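Novice: Supplied in structure tokens, the structure appears directly below.
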Amino acid sequence: MKCWQAADLVIQLSSSSKTKPDVLDFGTVFTDHMLTIEWSVTEGWQAPLIKPFGNLSLHPACSSLHYGIQLFEGLKAYRGDDNRLRLFRPMLNMNRMANSAKRACLPAFDQSELLECIRRLVEIDQDWVPYSGSASLYIRPTFISTEPSLGVKKPTRALLYVILSPAGSYFNNDSEAISLWADPKYTRAWKGGTGDCKMGGNYGCALFAQYEAVDYGCQQVLWLYGEDQQITEAGTMNIFLHWINEDGEEEVATPPLDGIILPGITRQSILELTRKWGEFKVTERYLTMDQLCSALKQQRVKEMFGSGTACMICPIGHILYQGENLHIPHQDKNSHLTSQIAKELTDIQYGRTSSDWTYLV
């Protein structure tokens, strides 16, 4: 059945604008408008609609509420030094969203048409994009089943919607290295599961471990997997290790995309950037806690950091593991990789460096 087209977009503008706050807690303030697109198995996709931001009306038996048939994406719009608005590699988000939708048994959609609808939404609410080199407009496409039935089955109704939220720092102080709690008793994802999809269930089931990490004085969980305690992700971030490996080579390593790891857009960008530099070995490989502990004892670790759309680049300073507080070197004269990567990426995102990774609004 044919998908909608952005040319069919219906726009209903809000009669008034909200007050824009000066201080922003991540994901708590929303813009004046939202995008909604409804689907049913009998009628297919309806015309996309941009309308004033407001609550959704859902049937109490809606299967997204009962069985977690839903997914989301996260990308940002940046206001450049030239006052132009840019999205960062948005088709990668559209591709990942399509893959998640297939896994969730939600209907396929035209990725380019969705991106054009998002572009129009951002254009309409462009005054909400911060005039700041450290803030942006967070874009949250969401796709849910609206099947009004308690039967566990493939949805016959669905809703794709997009909301926008101006965003400052994800953590209270992005310049400080964060602390991680590593305990193998909790697992974020597993082989054959949905760890490589951006589904709400991956995050909701992580909350209990997250708050236990806080009880131990740490900010995030370092997720481990398997008998050999493979390092997978940290909180909502992909993980990178900059070290001298077992063969004496300088290397930047990150866990491979084996179905457990979320294929992060920032992760992919870091791999492509550092490989282009050609200054050291860049590898997607399994990393274990034993390897990390040995490297720390032998002073082979240069730095460790997380990456993601919300946090960008986040240095890691400490890992609490088996009762021991492992100190991770960061941001000294011998380890400046996080700063270098962050600068190159933000220069692209804010238009200071020309790149085909940006999509103009």
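What follows draws every value from the coordinates through simple rules; no lab data is involved. None of these values were measured; they are calculated from a predicted model. We place every Cβ from the backbone using ideal geometry, glycine too, and count neighbours over all the protein chains shown.
Novice: Taking the Cβ-Cβ separation of GLN299 and LYS102 as r and a Förster radius of 56 Å, what is the calculated FRET efficiency to the nearest 0.05?
Specialist: In this case the efficiency is close to 0.75.
Novice: Only Lys, Arg, Asp and Glu count, each charged at its Cβ (+1, +1, -1, -1), so figure out the dipole size of the stretch 6-168 about its Cα centre, rounded to 20 debye.
Specialist: Using Cβ point charges on Lys, Arg, Asp and Glu, the stretch 6-168 gives about 440 debye.
Novice: Right, here's the next one. Place a label point 7 angstrom from the Cα of LYS154 along the Cα-to-Cβ direction, then list the residues of the stretch 29-69 whose backbone nitrogen is under 12 Å away.
Specialist: 41
Novice: Given C-alpha coordinates of the stretch 57-182, what is the ratio Rg to Rh with the Kirkwood estimate of Rh?
Specialist: 1.05
Novice: Normalise the Cα radius of gyration of the stretch 178-349 by 2.2 N^0.38 Å (N = residues in it) and let me know the number.
Specialist: 0.97
Novice: Can you spot the lysines whose alpha carbon is less than 19 Å from LYS191's alpha carbon? Ignore those fewer than 8 places along the same chain.
Specialist: Once the sequence-local lysines are set aside, what remains near LYS191 is LYS102.
Novice: Output ³J(HN,Hα) for the stretch 189-204: one whole-Hz value per residue in order, computed from phi by the Karplus curve 6.51 cos²θ - 1.76 cosθ + 1.60 with θ = phi - 60°, and x for Gly and Pro.
Specialist: 8, 8, 4, x, x, 10, x, 8, 10, 9, 10, x, x, 5, 9, x
Novice: Can you count the Lys pairs in the stretch 220-361 whose Cα atoms are under 19 Å apart, with each pair 8 or more apart or on different chains?
Specialist: Lysine pairs meeting both conditions in the stretch 220-361 amount to 5.
Novice: How large, in Å, is the stretch 167-272 by the Kirkwood hydrodynamic radius built from its alpha-carbon pairs?
Specialist: For the stretch 167-272, inverting the mean 1/r across all distinct Cα pairs yields 15.0 Å.
Novice: With every atom except the alpha carbons ignored, what do you get for Rg and Dmax of the chain, in angstroms?
Specialist: Gyration radius and largest Cα-Cα distance of the chain: 21.1, 64 Å.
Novice: Sticking with this one: Expressed as a rounded percentage, what relative contact order does the stretch 178-349 have, with Cα pairs under 8 Å and six or more residues apart?
Specialist: 24 percent
Novice: Hey, another quick one. Note the full-extension length gain between SER134 and GLN340 as 0.36 nm times their separation in residues minus their Cα-Cα distance, in nm to one decimal.
Specialist: 72.6 nm
Novice: Let me ask another. So for the stretch 6-168, taking the charge dipole from beta-carbon charges (+1 Lys/Arg, -1 Asp/Glu), which of PRO141, MET34, SER63 sits furthest toward the positive end?
Specialist: Value: SER63.
Novice: Report the full-extension gain for the segment GLU227 to ASP22: residue separation times 0.36 nm, less the Cα-Cα distance, to one decimal in nm.
Specialist: Contour length minus Cα-Cα distance gives 69.0 nm.
Novice: Then there is this: When all alpha-carbon pairs of the stretch 1-111 are counted, what percent fall beyond 23 Å?
Specialist: Percent of Cα pairs beyond 23 Å in the stretch 1-111: 44.
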